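Here the structure is laid out as structure tokens; the discussion comes afterwards.
Just so it is clear, none of the values below were taken in a lab; they were calculated from the coordinates. Everything numeric in this text was worked out from a predicted model, so none of it was measured. No Cβ is skipped: glycine too gets one built from the backbone with ideal geometry, and neighbour counts run over all protein chains shown.
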Amino acid sequence: MAAGTARCPGLAVRLTMQQESAYITCPYCWETIEILVDPSEPAQQYVEDCSVCCHPIELSVSVAPGGDIAVEAHSDDD
Ligand SMILES: [Zn+2]
């Protein structure tokens, strides 16, 4: 009889699509809004509509190796 079936620790800590919250200031209405960032991508650029004023905000997201997320928000017209 096998003494205990060892489970692969890599499978036990299975990562799902995890998203981190980040807060930015909308360049149009200056409200602080929450966005969701996928920390598995170290550098991302995309456009997300402000949840307050609905203007499209250009977001530059960078994720440091330690997991720190930095987000820059720009207005679409500059
Ligand atoms: Zn806004």
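Sorting 53-64, 35-46 by average packing, meaning the other beta carbons within 10 Å per residue, from highest down gives 53-64, 35-46. In plain terms, the chain from Glu31 to Ser75 could stretch by 14.5 nm, reckoned as 0.36 nm per residue minus the Cα-Cα distance. Computed over neighbours whose Cβ is under 14 Å from that of Glu31, the net charge equals -3, Lys and Arg +1, Asp and Glu -1.
The distance between label points at Gln19 and Val52 comes to 2.0 nm (points 7 Å beyond Cα on the Cα→Cβ vector).
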